[in-house]
1. Just to be sure, is Gln82 under 18 Å from Ser28 (Cβ atoms) and either out of contact with any helix residue (DSSP H, G or I) (no Cβ under 9 Å at 6 or more places or on another chain) or of a type in the set (Phe, Trp, Tyr) (or both)?
2. Residues being at pLDDT 95 or above and in a loop (DSSP other than H, G, I, E, B): count how many of those fall in region 69-110.
3. Part of a strand (DSSP E or B) and over 18 Å from the mean Cα position of the chain (by Cα): which single residue out of Glu134, Glu116 fits that description?
4. With the requirement that a residue be without any contact (Cβ under 8 Å) to a residue 40 or more places away in the chain and touching a strand residue (DSSP E or B) at 6+ places or on another chain (Cβ under 8 Å), what does region 107-124 give you?
5. Under 9 Å between Cβ atoms, at least 6 apart or on separate chains: pull out the pairs that start in region 125-139 with a residue that is of a type in the set (Gly, Ala, Ser) and end on any residue that is crowded, with 16+ Cβ neighbours inside 10 Å.
Amino acid sequence: MRKFYFLLLVTSFIFGCSTDSTDSSSSSVYNPPTWIHGTWGLKANGLTVLNDNPFYRFTSDNVCQIIVNANSSMCWKETIQQTPSIMSGNDNSTSTTYDASLISGNGAQTTTLSFERISSTKILWISTSVGDVELEKLD
């Protein structure tokens, strides 16, 4: 009987002390679906005087807003990692939609981006200040 209790104690110790695979320092709250991975924006459509205007870049674990004409971007994963006490985020996806939110001030302000898949090279950026905008894959 003592061997049974010892085995039970050892087993509970091993499983009780295992590492947590959802450690927030090594994982991201963002998990964009593969169909949206890449850089999206407005194409110049062959006009040599205009450049493509990238707006968003999605990776397997990040959402980045690209600052047009500044060659820089703000990636949400890093923003949350730099200020975890005041920033958080979440996302939701289906086979044709992706929503990502960046939450600041413990819920006081939320920025939500919504996208709908049109094809493998086009998405619809939903509910912008100017209405829905069709974006094309730039890479």
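1. Yes, satisfied.
2. Total satisfying the criteria: 3.
3. Glu134
4. Kept after step one, since they are without any contact (Cβ under 8 Å) to a residue 40 or more places away in the chain, are these residues of region 107-124: 107-112, 114, 116, 118-119, 121-122, 124.
Once the filter is applied, which keeps residues that are without any contact (Cβ under 8 Å) to a residue 40 or more places away in the chain and touching a strand residue (DSSP E or B) at 6+ places or on another chain (Cβ under 8 Å), region 107-124 yields Gln109, Thr110, Thr111, Thr112, Ser114, Glu116, Ile118, Thr121, Lys122, Leu124.
5. Listed pairs, sorted by first residue: Ser127/Ser114.
The values are calculated or read from the model by the stated rules, or taken from the named source; none is laboratory data. Quick caveat: nothing in here was measured; it's all calculated off a predicted structure. Note that each Cβ is placed from the backbone with ideal geometry, even for glycine, and that neighbours are counted across all protein chains shown.
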